[in-house]
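Have a look at the structure below, then the notes.
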Amino acid sequence: MAEEDDVADKSHDPTQKKLDDVRKKGEVAKSNEVNVALSYFGIWVLLAVLGGVSVSSFGTTLQSGLLNAFSREPSLHFSPGLFAPLLLGAGQFVGLMAIMPAALIVLALLARRTFLFTSSKLKPKASRISILKNAKNKFGRGGLFEFAKSFVKLLVFSLCLGLFLNANFDTIVVTSAASERGAISVLFDLMTSFLSLAVLIAAVIAIIDYGWQVSEH
């Protein structure tokens, strides 16, 4: 009897072949919160390492480009290359801020082997337009978990932002009387500090969400 129970248990064990078959179908545990946490972390790393230099460089480009924006002359004479430095500087800044998060997300997808393209996901299925199936997805365990997760995220980030602004209110007010570079430096430090807090919150949510997704699969 015990041997029969052992055989039955082994038949339900997730063998490597079963896992590979499920992975080929694209039915693997995926957590978007992990990607969100990695994107926050990537931006934080760039701001901590190169943020001051990139912001200062972009600010200098804007200052030189908008130096005569409020000229008292009755008419402005635009040259073909007037906005080229502004657009180039903005593109470089945005591109720099996007490189690290995108690279971390791609590496994480490859490491977890969830970067998959399956033809079965593209085939039309009647279950996708089924009212009962959609209702189950929205009001079932998964739907209730997603709703609770979104609500908790909104609540936690709102509370943290309010407490952070309240704790640094005097510092923010003082920056209005500081020089341009001094104000930018203080605000940049505050932004980096809050982003580090956001990384911690997103990491905790990602761990919980990934654990849920694994248990569901």
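The numbers here are math on the coordinates, done by the rules we state, and not lab data. Because the structure is a prediction, the values reported are computed rather than measured. Glycine gets a Cβ as well: all are built from the backbone with ideal geometry, and neighbour counts include every protein chain shown.
Can you tell me the length gained on complete extension of the stretch V214 to N166, counting 0.36 nm per residue apart and subtracting the Cα distance?
13.4 nm
Once phi is turned into θ = phi - 60°, what whole-Hz ³J(HN,Hα) does the Karplus curve with 6.51, -1.76 and 1.60 give for every residue of the range 157-174, x standing for Gly and Pro?
3J(HN,Hα) across the range 157-174, in whole Hz: 5, 5, 5, 5, 5, x, 5, 5, 5, 5, 5, 10, 4, 4, 5, 5, 5, 5.
Work out the FRET efficiency for K30 and F151 from their Cβ-Cβ distance, taking R0 = 22 Å, and round it to the nearest 0.05.
In this case the efficiency is close to 0.55.
Need one number: nm distance between label points at V186 and I207, each 7 Å from Cα along Cα→Cβ, rounded to one decimal.
Taking the two extended label points, one gets 3.5 nm.
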